[in-house]
């Protein structure tokens with residue numbers, strides 16, 4: 001299998017006219033999040049799972065090794081600038097276009113008014129550990145998630161709606177793409193595995209589509 005090319009997260013160069021696959025939007029509850037993760041009331045009481053480095057041959061990894069990198073933490077900022085939703089993750093020095101509020105080629109940062117939808121072009125998972133997002137600013141937010149498996153398809157994603165009173169912890173290998181504020185700028189405490197291995201899916205390139213969810217900006 002050829003090595004994947006590095007993804008340009010700030011300039012994905014998406015073609016016009018991609019079909020849109022709607023994501024169901026459901027309220028985040030202990031029941032709906034089962035298998036994906038859980039709601040978090042106190043970020044100080046949420047250990048992050050760390051996965052042991054996999055063995056490459058027939059000999060096993062020595063007990064007590066391969067899972068010693070620990071965690072890293074920082075502030076994740078989710079910010080709408082016009083029609084473009086940006087994410088900045090200080091924990092791993094990441095800067096991304098998370099989503100668009102309109103056809104990507106027509107998106108403008110100087111557009112005034114809240115977005116009515118979000119169009120998602122990419123998602124990933126971390127095989128080395130879980131991840132915690134906890135809101136530092138008030139307000140509802142969305143997180144698209146899918147259960148583990150490299151046979152991922154767009155139809156497997158669910159968009160979870162949070163009221164902003166609690167945070168989200170997701171297990172290792174859960175497909176996600178950061179946190180999506182509904183309007184303006186929102187900050188989140190982020191804690192995740194320090195190795196920060198990432199496995200990606202690009203919906204436009206692999207499936208000729210974008211994932212879509214309607215949003216209603218807070219009043």
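All of the numbers you see were taken from the coordinates with simple rules; none came from a lab. Keep in mind the model is a prediction, meaning the values are calculated, not measured. Positions of Cβ are backbone-derived with ideal geometry, glycine not excepted, and every protein chain shown enters the neighbour counts.
When every alpha-carbon pair in the range 1-76 is counted, what percent end up more than 19 Å apart? Result: 72 percent of Cα pairs exceed 19 Å.
For the options 18, 132, 85, a Gaussian network treatment of the chain with springs between C-alpha atoms closer than 10 Å singles out 18 as fluctuating the most. In vacuum, with every alpha carbon of the range 32-105 counted as one equal point scatterer, what does the Debye formula give for log10 I(q)/I(0) at q = 0.13 Å⁻¹? Two decimals, please. The Cα Debye sum returns log10 ratios of -0.70.
Placing a label point 7 Å from the Cα of residue 7 along the Cα-to-Cβ line, the residues of the range 78-102 whose backbone N sits under 12 Å from it are 95-99.
Length available on full extension from residue 61 to residue 29: 0.36 nm per residue minus the Cα-Cα distance, which gives 7.8 nm. Rounded, prolate or oblate for the range 110-149? Axes are the square roots of the Cα gyration tensor eigenvalues, ordered a ≥ b ≥ c, and the cut-off for rounded is a/c under 1.5. Since a/c reaches 1.5 but b/c is at least a/b, the shape of the range 110-149 is classed as oblate. Once Rg and the Kirkwood radius are both taken over the C-alpha atoms of the range 87-143, their ratio Rg/Rh works out to 0.99.
Report the FRET efficiency, 1/(1 + (r/R0)^6), for residue 68 and residue 163, where r is their Cβ-Cβ distance and R0 is 45 Å, rounded to 0.05.
Details: r = 37 Å, r/R0 = 0.82.
Approximately 0.75, to the nearest 0.05.
With the convex hull drawn over the C-alpha atoms of the range 114-219, the volume per residue is 97 Å³.
At full extension, residue 79 and residue 39 could sit 12.2 nm farther apart than now, given 0.36 nm per residue minus the alpha carbon distance. For the range 150-176 versus the range 70-112, the inter-centroid distance based on Cα atoms is 17 Å.
For the range 154-205, a/c is not less than 1.5, where a ≥ b ≥ c are the root eigenvalues of the C-alpha gyration tensor, and a/b does not top b/c. That puts it in the oblate class.
In whole Å and largest first, what semi-axes does the C-alpha gyration tensor of the chain yield when each eigenvalue is scaled by 5 and square-rooted? Spell out each step's value before the answer.
Values: eigenvalues 158, 90, 49 Å².
Whole-Å semi-axes of the equivalent ellipsoid: 28, 21, 16.
Counting pairs of alpha carbon atoms under 8 Å apart in space and at least six apart in sequence, what relative contact order in percent does the chain give?
It rounds to 31 percent for the chain.
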